[in-house]
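The values are calculated or read from the model by the stated rules, or taken from the named source; none is laboratory data. Computed from a prediction, not measured in an experiment: that's the story for all the values here. Methodologically, a virtual Cβ is constructed for each residue, glycine included, from the backbone with ideal geometry; neighbour enumeration extends over all protein chains shown. Protein only, heavy atoms only, side chains kept; ligands, DNA and RNA dropped before computing areas. Shrake-Rupley method; radii C 1.70, N 1.55, O 1.52, S 1.80 Å.
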Amino acid sequence: EMCIRDRVSTQSTGSPELAMSVVAKRPADDGSQQLAKRAKTIDDMPRTSSLAAPIMLLTGHEAAVTSLKFSPNGQMLATGSMDKHIFLWSVHGECQNLQVYKGHKNAVLQVDWSLDGTKICSASADKSLLVFDVETNKRVKKFNDHDSHVNSVCWARADTHLLASASDDCSAKLWDTRVRGCLHTFPERFQVTAVAFSGDDNTIFTGGIDNVIRAWDKRKNDVSFLLHGHSDTVTSLRLSPDGSYLMSNGMDSCSRIWDIRPYAAQERCKKMLTGATHNYEKNLLRCNWSPDGRRVASGSADRFVYVWDTTTRQILYKLPGHVGSVNEVDFHPTEPIIGSCSSDKKIYLGEISAYQS
């Protein structure tokens, strides 16, 4: 039988309590049988990571967990939730809850790390963005210029001070943590639900409820090209590790990989990945790339974690365990570990087969 660390974080006292539980013996609710099956097969497999167990369960959020990102060095994990809090977890050992960041007055919709791993930014339905310093655990910035829910935040790839955000106020905005207000606003006709930077930070990609992905040139403040293909709201945008491709996730239950290199062919959509689903909940399901660029993963409303091979477009993993919509899946930057967060308030860390060198 496989032991999973089951963590209960007591918010009031701030002291995390530890409880060990054997998953295979849990009463047969929807997810535990599947998880026990997953655990049984895992027991026979050689270990590939330094996780304390092949699957770790992190609990403590009091509402749906909307977003999850590993820190650039892979030591920590940040999660954002409908409970208005951002949790910081240790990836190794007992996966201890290291810190709880408070300050939002409504749901946290996305979290992201700065390039150097010293700061976390959060986008919230309270119309604000907060920036926290991970070393001092202090809030260092609050951005209030949006007029509606901030759906998405993305830290720049080259500049540790630059941020972009997307909002229901029909705009994307550019921010600098050293400057008070917003640097620039990219106005759109409809609500914007996803944002991402290009590798050189000069292009900002936005996606929204009009199904179109726009590439904004931040020097000209103009759209340099459009990506058409999704037939429903774009819920997530992620740049590939080498900066050549953009992955998008849409409520049409299709993920697409686009060639965003400057002189790419007219038809930029290179791959379509199917399997992961959206449903009536209309959650902003997020996708991410593995550090070697050979796999991508996405959340799904059907409660499974999906991982695809980017070359063959085959589903490599369809992982059970969650009993609610899986809202984001992220890859560890150096080890073959994937993290998933769900509307069931739970976070799982699980190891997969080793990355290709």
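A few remarks follow.
- 11 Å beta-carbon shell around Ala158, net charge (K/R +1, D/E -1): -2
- At q = 0.12, 0.14 Å⁻¹, base-10 log of I(q)/I(0) for the chain (Debye sum, equal scatterers on each alpha carbon): -0.81, -1.12
- Accessible area of the chain divided out per residue, in Å², using a probe of 1.4 angstrom: 41
- Local electrostatic count, Arg313, Cβ distance below 13 Å [Lys/Arg +1, Asp/Glu -1]: +4
- GNM remark for the chain: springs join alpha carbons under 10 Å apart, and the peak mean-square fluctuation among Arg214, Arg47, Arg256 falls on Arg47.
- Where Rh is the Kirkwood radius over Cα pairs, Rg/Rh for the range 80-158: 0.97
- Computed label-point distance, nm, for sites Ala52 and Thr334 using a 7 Å Cα→Cβ extension: 2.0
- At full extension, Arg219 and Asp147 could sit 23.5 nm farther apart than now, given 0.36 nm per residue minus the alpha carbon distance.
- Relative to the longest principal axis of the Cα atoms of the chain, the long axis of helix 32-43 makes an angle of roughly 80 degrees.
- Restricting attention to the range 131-259, lysine pairs at least eight places apart or on different chains and with alpha-carbon atoms under 24 angstrom apart total 7.
- Relative contact order, whole percent, for the range 195-251 stands at 30, derived from Cα pairs under 8 Å and 6 or more residues apart.
- Inter-site label distance for Thr160 and Leu183 at 7 Å from Cα along Cβ, in nm: 1.6
- Put a plus charge on the Cβ of each Lys and Arg, a minus charge on the Cβ of each Asp and Glu, and nothing anywhere else: the dipole of the chain about its Cα centre is then about 140 debye.
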